[in-house]
Amino acid sequence: MPAVPEAIAVHAGVLRSDALVLADCAERLRDIEARLEAEGAAPAWLRETVNAHIAACLTASADLAEAATRLDVYADRTRR
């Protein structure tokens, strides 16, 4: 089955959108972490867990953004 550039580009767009959602999630978690820190009442394990989730969101966001870029390049090549 031949690669269809338009379909590939659509998949890239979905990945890019998902990357943005994950980046937004990391921002919301940063806000939560800042409030936990400011209140000083949260146990260390909770702050560590929130920070681990921030890192996971950022890593996944970067991975999806890279995959979207690679799919865009692939879509462009299949158009030639």
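Each reported figure results from applying straightforward, stated rules to the coordinates on display, with no laboratory input. What you see is a predicted model; the values in this text were computed from it and never measured. Every residue, glycine as well, gets a Cβ built from its backbone with ideal geometry; the counts of neighbours run over all protein chains shown.
In the neighborhood of residue 25, defined by Cβ-to-Cβ distances under 13 Å, what is the net charge if each Lys or Arg adds +1 and each Asp or Glu adds -1?
Numbers: positive: 28, 30; negative: 18, 24, 27, 31, 33.
Net charge around residue 25: -3.
Simple point charges give the picture: +1 on the Cβ of Lys and Arg, -1 on the Cβ of Asp and Glu, and for the chain a dipole about the Cα centre of about 360 debye.
Can you give me the angle between helix 5-39 and the longest principal axis of the chain, using Cα atoms only, in degrees from 0 to 90, rounded to the nearest 10? The two axes meet at around 10 degrees. By the count of other C-beta atoms within 10 Å, a proxy for reagent exposure, 4, 21 are ordered fewest to most as 4, 21.
When Rg/Rh (Cα atoms, Kirkwood Rh) is calculated for this entry, the matching label among [x] 0.95; [y] 1.17; [z] 1.25 is [z]. Over all other residues within a Cβ to Cβ distance under 15 Å of residue 74, the charged ones net out to +1, with Lys and Arg as +1 and Asp and Glu as -1.
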